[in-house]
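Here's the structure, in structure tokens; my notes come after.
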Amino acid sequence: MVKIALTGGDGMVGSRIIELLQDKIQFIPILQKHMDITDKNKVASVLNSIDFDIFLHLAAFTNVDAAENNKKTANGVNVLGTQNIFEIVTHKKKKMIYISTGFVFDGNNPPYSEKSIPRPISIYGETKYQGEQLLNNEAMIIRFDYPYRNEFKLKKDFVRGIITALTEGKKLSMVTDSLITPTFVDDIAFGLKYLIDHYSPEVFHLVGQNSVSPFEAGTSIAKIAKLDSSLISGISYEQYFKGRAKRPQFAHIISIKNKFIKMKSFEEGLQILYHN
Ligand SMILES: NC(=O)c1ccc[n+]([C@@H]2O[C@H](COP(=O)([O-])OP(=O)(O)OC[C@H]3O[C@@H](n4cnc5c(N)ncnc54)[C@H](OP(=O)(O)O)[C@@H]3O)[C@@H](O)[C@H]2O)c1
């Protein structure tokens, strides 16, 4: 069985990957309380004390808005933390997979494939892209966009956030002139399994089959969860993100390399979550 050490194994995406693949992969989760990735000496001592075939690096400073005012911390975790891990993994002559994001793109020139040139427009996107660059084409990079999954108590994904708000009868303003590419986390896990078995140090996108506006996403969610879609009103991208971290406006992310797993459309993913 392949042995995979990983950071972020208790996060929203990592915990589901472990749940779905633990019969096929031996996971060695390394939690923040045992190894803060910004602590170079700690990273060296922990990684040198364990044996693994591949290091899967999921941990990140993921709060996009908070990153704008905490540039040093975001940089410490997403850039220096990645550097600390990469150095030891390379020294041990092991493989590395770095999880990245569609937020490395500017959103002005869709669609974005593995061949598109990143141009981040937020601190979060910038630090994740610097994390990609320091790997120097010697690690696999997997990007996805707007992951959603079955219920995860510790952190709400965007689908869960909308459901909670609508269930509480809250009014929501959702952007009409923008695109996101929602990605079902189970598809990420099974795509990742294929990529682990066919490892190559390149960039891959594991993204949902279609892109939708946040407003369309909200109304689809309300419909499937039988909630009141009249609580959702439209708002422009400019208005919504005024004073906040910029998100890529047209994050229509595609893959020209994924011939190995059929990623679900947003509607298909929601059907599985709400009718199974
Ligand atoms: N969520 C999204 O919308 C999205 C979209 C595209 C790509 N991604 C990428 O997918 C990956 C996983 O995202 P996620 O949403 O699952 O993340 P998450 O739920 O926010 O979890 C982040 C993980 O990173 C760990 N972490 C943070 N700082 C750390 C540090 N200094 N040392 C060690 N561990 C640290 C956290 O540990 P604690 O639990 O102890 O805090 C947690 O396990 C990230 O690389 C992210 O950039 C996410």
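Does Ser49 fit the bill of being of a type in the set (Gly, Ala, Ser) and either modelled with pLDDT under 95 or surrounded by fewer than 17 Cβ atoms within 10 Å (Cβ to Cβ) (or both)?
Judged against the criteria, Ser49 is a match.
Being within 11 Å of the ligand (Cβ to nearest atom) and under 28 Å from Pro182 (Cα atoms), is that true of even one residue in segment 38-52?
no
Filter segment 90-103 for residues that are more than 18 Å from Ile196 (Cα to Cα) and touching a Ser or Thr at 6+ places or on another chain (Cβ under 9 Å); which is nearest to the ligand (Cβ to nearest atom)?
Looking at residues that are more than 18 Å from Ile196 (Cα to Cα) and touching a Ser or Thr at 6+ places or on another chain (Cβ under 9 Å), I get Thr101.
More than 8 Å from the ligand (Cβ to nearest atom), closer than 17 Å to Leu192 by Cβ and in a helix (DSSP H, G or I): does that describe Glu87?
no
Checking Lys156 against (1) of a type outside the set (A, V, I, L, M, F, W, C); (2) within 14 Å of the ligand (Cβ to nearest atom); (3) more than 25 Å from Phe250 (Cβ to Cβ): exactly one of these is not met. Which one?
So the condition that Lys156 fails would be (3).
Given Ala66, Ala60, which one is within 15 Å of the ligand (Cβ to nearest atom), buried (at least 16 other Cβ atoms within 10 Å of the Cβ) and either outside any loop (DSSP other than H, G, I, E, B) or at pLDDT 95 or above (or both)?
Ala60
Are there any pairs, at least 6 apart or on different chains, whose C-beta atoms fall under 9 Å, with the first in segment 31-53 and in contact (Cβ under 8 Å) with a residue 40 or more places away in the chain and under 14 Å from Lys94 (Cβ atoms) and the second part of a loop (DSSP other than H, G, I, E, B) and acidic (Asp, Glu), and if so, which?
Close Cβ pairs satisfying both conditions: Val43/Asp36.
The values are calculated or read from the model by the stated rules, or taken from the named source; none is laboratory data. Computed from a predicted structure; not experimentally measured. Reconstructed Cβ throughout: ideal geometry from the backbone, glycine too, with neighbour counts over all protein chains shown.
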